[in-house]
Ligand code: AP5
């Protein structure tokens, strides 16, 4: 499996990637996660990315492409990958095509998670992450029992991502409209796009993705 998960912030890319990893045994490659790891380690790259991320803007293409090139060259990516949050604009999409052509491993599909603005906003403002185990929750949509589960014998320590504050969410959604949305037409023209309704519980969305992957593009 070599796919891209495309969708606005909060559309469920990370959540669905985790289910796909479990079902298909290929790694999730999330540029957002890679950048957050660099920030947590305090590397020069992480510090460079911080200002753009905190402002809800895209990190520069050269930084992101360097990270992706390195990640795709690791042995676990030979059996496939789920790209989550990459590419984010046409420059990144074209660079990815070139990288994959050089590796003779072209993309098989691009899955667009479709969700209305109101629901995106609610999912983003409600997202919480356990700072110990990194599990993702939602104060509005996670089943109540899930929030009460323990992490290493203690309650989860839930925090909000800095860029999930209301004032940054608006900016991220604007950036998606202006820079990432054009990829929908790009991948439709390439015959790779599969559109999935993401307005359902996570297991139903997962089934929708599986069905879409079995259906030829445009079908
Ligand atoms: P990134 O981390 O990629 O953020 P994003 O694309 O904005 O996506 P999110 O992580 O916000 O949402 P998601 O779609 O994964 O949703 P999730 O599954 O968590 O990027 C962060 C920043 O890094 C960017 O702003 C940019 O600065 C930089 N960056 C990253 N990649 C870059 C690139 N390629 N180029 C340049 N810069 C880059 O779900 C959201 C919430 O909803 C969760 O609480 C979850 O529990 C809940 N939920 C999920 N599915 C469901 C469901 N079906 N029903 C109910 N609730 C659900």
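Note on the stretch 124-153: among residues that are at pLDDT below 90 and part of a strand (DSSP E or B), the one that is nearest to residue 49 (Cα to Cα) is 151. Looking at this structure, is residue 168 over 14 Å from residue 55 (Cβ atoms), surrounded by 13 or more Cβ atoms within 10 Å (Cβ to Cβ) and in contact (Cβ under 8 Å) with a residue 12 or more places away in the chain? It is false that residue 168 is over 14 Å from residue 55 (Cβ atoms), surrounded by 13 or more Cβ atoms within 10 Å (Cβ to Cβ) and in contact (Cβ under 8 Å) with a residue 12 or more places away in the chain.
Counting the residues of the stretch 123-134 that are within 10 Å of the ligand (Cβ to nearest atom) and either closer than 22 Å to residue 83 by Cβ or surrounded by 17 or more Cβ atoms within 10 Å (Cβ to Cβ) (or both) gives 5.
Could you tell me whether the stretch 26-44 includes any residue that is touching a residue at least 60 places away in the same chain (Cβ under 8 Å), buried (at least 20 other Cβ atoms within 10 Å of the Cβ) and under 14 Å from the mean Cα position of the chain (by Cα)? For the stretch 26-44, residues touching a residue at least 60 places away in the same chain (Cβ under 8 Å), buried (at least 20 other Cβ atoms within 10 Å of the Cβ) and under 14 Å from the mean Cα position of the chain (by Cα): absent.
So that you can scan it fast, the table gives a plain yes or no per residue for (1) in the same structural domain as residue 196 (by TED's automatic domain parsing); (2) within 8 Å of the ligand (Cβ to nearest atom); (3) surrounded by fewer than 17 Cβ atoms within 10 Å (Cβ to Cβ); (4) on the phi < 0 side of the Ramachandran plot:
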position: 100; (1), (2), (3), (4): yes, no, yes, yes
position: 106; (1), (2), (3), (4): yes, no, yes, yes
position: 113; (1), (2), (3), (4): yes, yes, no, yes
position: 118; (1), (2), (3), (4): yes, no, yes, yes
position: 146; (1), (2), (3), (4): yes, no, yes, yes
position: 150; (1), (2), (3), (4): yes, no, yes, yes
position: 156; (1), (2), (3), (4): yes, no, no, yes
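The values are calculated or read from the model by the stated rules, or taken from the named source; none is laboratory data. Computed from a prediction, not measured in an experiment: that's the story for all the values here. All Cβ positions, even for glycine, are placed from backbone atoms using ideal geometry, and neighbour counts span all protein chains on display.
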